[in-house]
């Protein structure tokens, strides 16, 4: 399997090269040259597999440059009861109204990002050891990617992590998870701005070829193809948990800000998984909802990106969206380059003429959830005896209920455990309800925190990276 850029201005990459590269040299995103096709016979064979064995089968289609025995060892090291609490890894449960929730938040940082990041950490370690290389990870987080990456990569030989987050914009739990780490290879940087500003800085550093080469930079954001490949697996697992035969269809509802999670579902559908619809749920930052209802995509600036009670989705420039548009444009890189030139100029673009294909061929629809909606949904789910859900998952449940068709089976992807957003949960259900969290995280917010606050400036971030890495030599 070879990988190509959405902008078509560079050569082919192997899986390992794509993993270490992150953003393509031409500024585009890497994708497989073609999507593997899965038939019903293969689906039937995969249905009975454990999560780790299913991950091996799917990742074998993408990571063709890693020997099978090594890949199997890596996925079994990643997806097991010790890391995710049970061999089931991603259990599916049904709410009283029939909406299903796939539990993706049983990893060490209590968020779905662990599903890919734990694998990425083990893959990085393997590839770097095999090739005798070192790597410096730069990433941006709106809440959960940062802690998932840091917990997956802390203490690993040959790797430093520089994680940018929007200063003061995450929940207290999210900040504490990241900033309380004391590992010498973990470096937290809080940017005076929004997540989109952090993401722009990452892209600026990735596009500085000399700096990227000198300091061996890569990413763990969903810019990195390895993240998307890992996330494809749980769409297949969720489908098997919710169906009895390969002739059934399901729909997935995905809370989305950066488009990475639902992009994996798009690829699973293109591979042949029987997905009827991909239902995208946004919060008040509804740039993607606007696109899927009108065809217009116009990212907003920091001043018009709102701070909400589902902060991991406070994003107005979806970095993964380019992969989907590349497919919509029939994988023609010329229009993709032109479209993103318009985005970079602050103009956005209009693909209204493609809306029929987006809805009928690709199965995308969308909905929007506001603060009052998520508070009400959390309260309703709890009152029904279905337990607590976090505010992002509540956005998904609200939209799934709103858009569900009469005969449609919907799986809503869980985003995080409620403990990460205690203030919002208390607002929804009151302060007398116990919000469970693992014993190891009982006093997390009281631990000393280590973070460097910087202005919204790529040069300032470069300076910190240089100081830390040159001093580590």
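The values are calculated or read from the model by the stated rules, or taken from the named source; none is laboratory data. Since the model is a prediction, treat every value here as computed from it, not as a measurement. In this analysis, Cβ positions are derived from the backbone assuming ideal geometry, glycine residues included, and neighbour counts consider all displayed protein chains.
In a residue-by-residue description of segment 363-376, the property of being over 23 Å from the mean Cα position of the chain (by Cα), assigned to a loop (DSSP other than H, G, I, E, B), at pLDDT 95 or above and over 13 Å from residue 281 (Cβ atoms) applies to no position. The set of residues in segment 17-38 that are in contact (Cβ under 8 Å) with a residue 60 or more places away in the chain, under 26 Å from residue 133 (Cα atoms) and assigned to a loop (DSSP other than H, G, I, E, B) comprises 22, 23, 25, 27, 28, 29.
Residue 212 meets all of the listed conditions (1) touching a helix residue (DSSP H, G or I) at 6+ places or on another chain (Cβ under 7 Å); (2) buried (at least 24 other Cβ atoms within 10 Å of the Cβ) but one, namely (2).
Within segment 238-255, the set of residues being surrounded by 24 or more Cβ atoms within 10 Å (Cβ to Cβ) and either within 22 Å of residue 87 (Cα to Cα) or modelled with pLDDT under 95 (or both) comprises 238, 239.
Among the residues of segment 139-160, those that are over 18 Å from residue 417 (Cα atoms) and surrounded by fewer than 24 Cβ atoms within 10 Å (Cβ to Cβ) comprise 154, 155, 156, 157, 158, 159, 160.
Among the listed residues 66, 58, identify the single one that is under 21 Å from residue 31 (Cα atoms) and over 22 Å from the mean Cα position of the chain (by Cα). Step by step, each of 66, 58 is checked, and only 66 is under 21 Å from residue 31 (Cα atoms) and over 22 Å from the mean Cα position of the chain (by Cα).
Restricting the search to helices (runs of 4 or more DSSP H) fully inside segment 142-248 and requiring at least 2 residues that are closer than 23 Å to residue 447 by Cα gives 144-153, 172-179. Yes or no: segment 110-126 includes at least one residue that is assigned to a loop (DSSP other than H, G, I, E, B), at positive phi and modelled with pLDDT of 95 or more. No.
Check whether at least one residue in segment 82-98 is modelled with pLDDT of 95 or more, buried (at least 20 other Cβ atoms within 10 Å of the Cβ), more than 25 Å from residue 252 (Cβ to Cβ) and in contact with a helix residue (DSSP H, G or I) (Cβ under 7 Å, 6 or more places away or on another chain), and report yes or no. Checking segment 82-98: not a single residue is modelled with pLDDT of 95 or more, buried (at least 20 other Cβ atoms within 10 Å of the Cβ), more than 25 Å from residue 252 (Cβ to Cβ) and in contact with a helix residue (DSSP H, G or I) (Cβ under 7 Å, 6 or more places away or on another chain).
Looking only at segment 260-284, count every residue that is assigned to a loop (DSSP other than H, G, I, E, B) and either surrounded by fewer than 21 Cβ atoms within 10 Å (Cβ to Cβ) or more than 17 Å from the chain's Cα centre (by Cα) (or both) and tell me the total. Show your work before the answer.
If we filter segment 260-284 for residues that are assigned to a loop (DSSP other than H, G, I, E, B), which is where we start, we get 272-274, 283-284.
The next check asks that each one be either surrounded by fewer than 21 Cβ atoms within 10 Å (Cβ to Cβ) or more than 17 Å from the chain's Cα centre (by Cα) (or both); those that pass are 272-274, 284.
The total comes to 4.
On inspection, residue 408 passes the criterion of being in contact with a strand residue (DSSP E or B) (Cβ under 8 Å, 6 or more places away or on another chain) and assigned to a loop (DSSP other than H, G, I, E, B). Of all the numbered requirements in (1) under 29 Å from residue 237 (Cα atoms); (2) in contact with a helix residue (DSSP H, G or I) (Cβ under 7 Å, 6 or more places away or on another chain); (3) crowded, with 24+ Cβ neighbours inside 10 Å, residue 122 misses one, and that requirement is (3).
The condition (being under 29 Å from residue 282 (Cβ atoms) and in contact (Cβ under 8 Å) with a residue 24 or more places away in the chain) is satisfied by just one residue among 465, 425: 425. Selection of segment 287-336 for residues being over 20 Å from residue 366 (Cα atoms), in a helix (DSSP H, G or I) and either touching a helix residue (DSSP H, G or I) at 6+ places or on another chain (Cβ under 7 Å) or at pLDDT 95 or above (or both) yields 302, 333, 334, 335, 336.
Return yes when residue 61 is touching a strand residue (DSSP E or B) at 6+ places or on another chain (Cβ under 9 Å) and part of a helix (DSSP H, G or I) and no when it is not.
Answer is yes for this residue.
Name every residue in segment 378-404 that is over 23 Å from the mean Cα position of the chain (by Cα) and either outside any helix (DSSP H, G or I) or without any contact (Cβ under 8 Å) to a residue 60 or more places away in the chain (or both), in order of residue number. If the condition is that a residue be over 23 Å from the mean Cα position of the chain (by Cα) and either outside any helix (DSSP H, G or I) or without any contact (Cβ under 8 Å) to a residue 60 or more places away in the chain (or both), then 379, 380, 382, 383, 384, 385, 386, 387, 402, 404 are the ones that fit.
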